[in-house]
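Report on the structure given below.
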């Protein structure tokens, strides 16, 4: 029997997390769950600040937790396109894998700010993403970003 794996995404805004998440889901025949889609569908036009995001994301994560744990426990691999960008986020996400007794893999996209900004502007111009961010929002959100550290006990793959 193949063991399911929980794939996690870590990287700044527009670092390529969603693109990688889609590729990983295809590569591993995994279920892809994207936080932005849930937030856009459940809270349309309600997320205007970091505080709005945190409140709404917390609600979505409460629903996702038992779903992800059940999928993993059933032998289905899951790619969570949920930012694992702080130590607390990564602890919560790692607990999902631990709770289902399956391995995890944190995919870390180490992309510099200038590249992320250029990608963000291009993405905003196409309107293909559920949310658009300004340069000021990029700066604010990036100020919370914490690169993963081996001491967190994570299985990290750098991209």
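Among [x] 51; [y] 20; [z] 28, only one was calculated for this model; which label is it, if the read-out is percent of Cα pairs over 27 Å apart? Read-out from the structure maps to [y]. Computed from the Cβ-Cβ distance with R0 of 35 Å, the FRET efficiency linking residue 137 to residue 158 stands at 0.85. Put simply, the Cα atoms of the range 1-94 extend 45, 27, 26 Å along their principal axes, the longest span coming first. Over the range 1-121, Cα pairs under 8 Å with separation of 6+ residues give a relative contact order of 51 percent. Computed from Cα atoms, the angle from the helix 17-27 axis to the main principal axis of the chain rounds to 30 degrees.
Here, each number is a calculation from the coordinates, and none is a lab measurement. Please read all numbers here as calculations on a predicted model, not as lab measurements. Positions of Cβ are generated from backbone atoms using ideal geometry, with glycine treated the same way; all protein chains shown enter the neighbour counts.
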